[in-house]
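Right, one structure below, let's go through it.
All of the numbers you see were taken from the coordinates with simple rules; none came from a lab. Treat the numbers as computed from the prediction; the structure is a model and nothing was measured. FYI the Cβ positions are ideal-geometry reconstructions off the backbone, even for glycines, and counts take in every protein chain you see.
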Amino acid sequence: MTATIQNYDFLGTLRDSSPLSRDHLNQMLSAAVGSGSADFRKAIEQVTEEAQNNPALRVRAGIGQFLLGSPKESEKILTGTDEGIGRYFLAQALLSQGRYEDAANEFEQAAKLGYHPVESILRRAGALRRMGKMEDAEELIRSTGAEGARLAEYSYQMGCILADRGDTFGAIEYFERAVDMDHHHQRALFALAVQNSRHGDDEEAIQLYERCLSRPPYLRSALLNLGLLYEDKENYAAAQYCFERVLKYDPGNERAVLYLKDIEATSNMYYDEESLKEQQKLEQLLSRPVTDFELSVRSRNCLATMGIDTLGQLTEISEQELLSGKNFGETSLLEVRELMAQHNLSIGQYLHEKQREPAFDQRDLSPEEQAAVQTPIGDLNLSVRSRKCMTRLGITTIGELLMRTPDELLSAKNFGVTSLNEIRNKLSEMNLKLRND
């Protein structure tokens with residue numbers, strides 16, 4: 001079997017004058033992986049060129065362009081065909097461009113022309129659902145009866161209906177059933193990957209996205225999402241490959257362009273391991289209790305009365321504040337200065353980094369605005385990357401987010417311009433802004 005796949009004659013299959021069956025397509029797609037992907041692409045590009053002078057090759061060229069990830073070129077080639085399989089792939093090309101009504105009409109024509117009528121009906125139901133016609137879509141799905149229920153597409157479409165209605169667990173059950181029936185059902189694999197990512201199971205999500213992208217067509221949303229997950233795992237080379245793959249067939253994809261810039265910025269960052277070790281030592285030192293060191297009874301009691309327990313707290317208070325403490329005089333101040341100097345620290349060293357003042361006074365806000373700032377950050381429906389950055393920064397509410405400046409957010413790991421713009425857009429919808437924005 002391996003030898004057959006390695007030596008698959010893509011060009012011969014595409015040029016063959018016999019009807020292009022689903023079995024032919026599946027064989028080609030199974031062979032169009034690894035080293036075979038380059039041969040697959042070259043064969044389609046050649047057939048596309050030959051189709052300009054040979055109308056018999058137009059449908060195959062159009063299908064090939066869709067499988068390569070070029071729906072607009074596919075639509076251009078397939079428009080006007082009277083072959084059922086051509087109309088079916090034309091519908092897919094339209095669907096991927098968000099032209100749901102046109103796609104629904106083409107799926108209907110594909111069914112009338114005899115191309116897998118039941119599956120064409122199910123795909124048409126999916127287009128209707130994307131148009132917001134939920135009841136019509138479900139009725140159409142169920143109209144396929146027992147014959148439809150035996151298809152993976154039936155389970156996938158029912159899962160989408162349940163997902164749109166908020167029944168997440170019911171949807172997952174249908175998606176899993178679709179994958180059990182067809183291990184290569186890309187849209188079901190994609191849907192399961194999204195659900196796993198939303199529930200924090202990134203490892204499973206990565207595996208599902210990789211399965212989804214194991215053979216053509218390569219879903220752009222899957223490539224973008226997988227790239228973000230790779231980046232979060234610091235697998236920057238794999239993330240870059242995903243974003244570049246999107247741009248290969250969609251050069252104007254704004255998300256891919258921005259994500260790629262973030263990757264390039266991250267890869268150019270200098271990582272100083274020694275500095276990291278020094279920082280960790282400093283943090284350990286600052287966390288040490290003052291009782292670990294030799295101080296007079298008076299100084300120790302004064303510090304305890306003022307609620308100062310660690311060296312770190314001494315770096316966040318001024319000498320004047322210490323002197324204002326009861327029974328804390330110049331002698332105690334000199335004693336504490338000497339203690340800090342022994343450890344290359346000073347009183348008030350990090351005074352400027354004390355708890356930041358709120359960016360706003362909630363008393364000045366309307367009841368609606370006060371409710372908004374108390375809203376959990378999860379209600380912003382942020383992307384995977386932005387959501388994880390919020391977790392790293394310990395931001396749990398919108399109010400806590402508003403206390404951050406853009407520069408503070410950009411300093412967080414994997415938080416780039418794309419994430420910043422996303423958050424700005426989300427906040428602007430609520431008439432809110434980041435601090436200093």
For this session: Pop the C-beta distance of residue 7 and residue 214 into the FRET formula with R0 = 25 Å and round what comes out to the nearest 0.05.
Result: 0.80
Exercise. What residues have an amide H closer than 5 Å to that of residue 310, excluding those fewer than 5 places away on the same chain, when H is modeled at 1.01 Å from N in the peptide plane?
Worked result: 290
Problem set entry | Full-extension gain in nm, residue 101 to residue 291, via 0.36 nm per residue minus C-alpha separation | 61.0 nm
Seminar exercise, completed: extent check for segment 273-353: Cα max minus min per principal axis, descending, whole Å, gives 44, 26, 19
Exercise. What residue among 427, 295, 223 shows peak mean-square fluctuation when the chain is described by a Gaussian network model with Cα springs under 10 Å?
Worked result: 295
For this session: Springs between alpha-carbon atoms under 10 Å, Gaussian network over the chain: tell me which of 306, 403, 134 tops the mean-square fluctuations.
Result: 306
Exercise. How do the peptides 299-305, 383-389 rank, highest first, by the average count of neighbouring beta carbon atoms within 10 Å per residue?
Worked result: 383-389, 299-305
Problem set entry | Fraction in percent of alpha-carbon pairs per bin - 5 Å, segment 124-262 | 2, 11, 18, 19, 18, 14, 11, 5, 2, 0
Exercise. Considering the dipole of the chain built from charges on the beta carbon (Lys and Arg +1, Asp and Glu -1) around the Cα centre, which of 293, 336, 312 is farthest to its positive end?
Worked result: 312
Seminar exercise, completed: Interchain or sequence-distant (5+) residues whose placed amide H lies within less than 5 Å of the amide H of residue 397 are 377
For this session: With label points built 7 Å along Cα→Cβ from the Cα atoms of residue 374 and residue 79, find their separation and express it in nm.
Result: 5.5 nm
Exercise. For residue 244 and residue 319, what does the FRET efficiency come to when R0 = 51 Å and r is the distance between their Cβ atoms, rounded to the nearest 0.05?
Worked result: 0.35
For this session: Based on a Kirkwood Rh over C-alpha pairs, give the Stokes-Einstein translational diffusion coefficient of segment 1-98 at 37 °C and viscosity 0.692 mPa s in µm²/s.
Result: 244 µm²/s
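Under the 0.36 nm per residue contour assumption, what length would be gained going from the current alpha-carbon distance of residue 237 and residue 45 to full extension?
Using 0.36 nm per residue and subtracting the Cα-Cα distance, I get 66.4 nm.
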For this session: Apply 1/(1 + (r/R0)^6) to the Cβ-Cβ distance of residue 26 and residue 400, taking R0 = 45 Å, and write down the FRET efficiency to the nearest 0.05.
Result: 0.30
Problem set entry | Among the listed pairs 42/72; 248/433; 76/112; 42/248, those beyond 24 Å (Cα-Cα) | 248/433
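Please compute the contact order of the chain in relative form: average sequence separation of alpha-carbon pairs under 8 Å and at least six residues apart, divided by the residue count, as a percent.
Once normalised by length, the contact order is 7 percent.
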Problem set entry | Unit Cα scatterers, Debye sum, segment 114-177: log10 I(q)/I(0) for q = 0.14 Å⁻¹ | -0.34
Seminar exercise, completed: So, with points 7 Å from each Cα along the Cβ direction, the residue 136-residue 407 label distance in nm works out to 5.5 nm
Exercise. Given [x] 1.06; [y] 1.36; [z] 1.45 as candidate values of Cα Rg over 2.2 N^0.38 Å, which corresponds to the one derived from the coordinates?
Worked result: [y]
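For segment 148-190, what is the convex hull volume of the alpha-carbon atoms per residue, in Å³?
It comes to 53 Å³ per residue, whole-number rounded.
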Problem set entry | Inter-label distance, nm, simple model (7 Å from Cα along the C-beta direction), residue 330/residue 56 | 10.7 nm
Exercise. How much length is gained if the chain between residue 184 and residue 424 is pulled fully straight, taking 0.36 nm per residue apart and subtracting their Cα-Cα distance, in nm to one decimal?
Worked result: 82.6 nm
Exercise. Just how far, in whole angstrom, is segment 118-183 from segment 380-407 if you go by their alpha carbon centroids?
Worked result: 35 Å
Exercise. Given the rule -39500 (n - 2.57) for each run of at least 4 DSSP H residues, summed and divided by the residues of the chain, what is its mean residue ellipticity at 222 nm, to the nearest 500 deg cm²/dmol?
Worked result: -19000 deg cm²/dmol
Problem set entry | Fewest-first ranking of 130, 22, 288, using other Cβ atoms within 10 Å as the exposure measure | 22, 288, 130
